[in-house]
Amino acid sequence: MRLLKWATISVFVSVFIYLTAASRPVAGDDHGTRVRWDVIQIVGGTTVEAGGTSTAATSTAGSAPADGSTITLTGSGTFNPSDQQEVTGGGNWTTATANGTATANGTYRVTELIRFNLAPGTFAGLGLTDGVGDAANARPGLAVMKISYSDGSKGILVFSCTLNGSPLTMMEGTTTTKGFVDYSNPDGNALTLFHVTNED
């Protein structure tokens with residue numbers, strides 16, 4: 001019985017350690033690190049600027065396909081990968097039917113960082129000028145954030161950026177939930193960018 005008791009305790013401790021580690025945001029271990037995120041646009045074909053838009057649709061695949069309605073976001077902000085509550089920013093949102101008729105709009109704000117992972121890739125070689133920040137600090141990666149909409153609904157924003165040399169398994173753009181609706185199909189035209197500062 002004593003052996004069984006200690007085995008059970010060991011299992012609980014192992015699960016607790018795993019869950020704690022799995023929930024911890026990742027972007028290096030520097031507590032001074034700050035990350036800026038932007039939905040961007042290319043101005044004049046040469047310069048990256050803030051102020052872009054990102055659209056995702058409800059999926060039209062599967063045995064019970066959704067109707068293809070969309071949500072379009074603007075957005076920018078910052079977060080501290082070592083403190084999930086230290087977040088700023090948000091943007092505007094507009095929902096629409098599959099044929100483009102707007103159904104609602106408002107603003108959203110980021111309330112918490114769930115996770116951030118850096119990815120391979122570099123801004124160099126893109127042939128663009130970074131008008132948002134220092135190109136040397138531009139990074140690809142994936143951030144998952146909790147957001148709150150101005151109409152009272154809640155959601156999850158998945159924000160993904162790829163750069164030169166990033167794996168083809170990564171997407172570029174955003175997917176979003178809003179209440180019970182999952183806008184999981186990015187349109188492929190959105191552009192996003194992270195800038196990481198104070199990185200060791």
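No value in this document is a laboratory result; all are computed from the given coordinates. As the structure is a prediction and not an experimental result, all values here were calculated from the model. No Cβ is skipped: glycine too gets one built from the backbone with ideal geometry, and neighbour counts run over all protein chains shown.
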### Task
Give me the distance in nm between label points sitting 7 Å out from Cα along the Cα-to-Cβ direction at Thr107 and Thr94, one decimal.
1.8 nm
### Task
Over every pair of different alpha-carbon atoms in the stretch 37-194, take the mean of 1/r and invert it; report that Kirkwood radius in Å.
16.0 Å
### Query
If you take the beta carbon distance between Ser150 and Gln85 as r and set R0 to 30 Å, what does 1/(1 + (r/R0)^6) give as a FRET efficiency, to the nearest 0.05?
0.90
### Query
Given a cut-off of under 8 Å on Cα pairs at least six residues apart, what relative contact order in percent is computed for the stretch 24-179?
20 percent
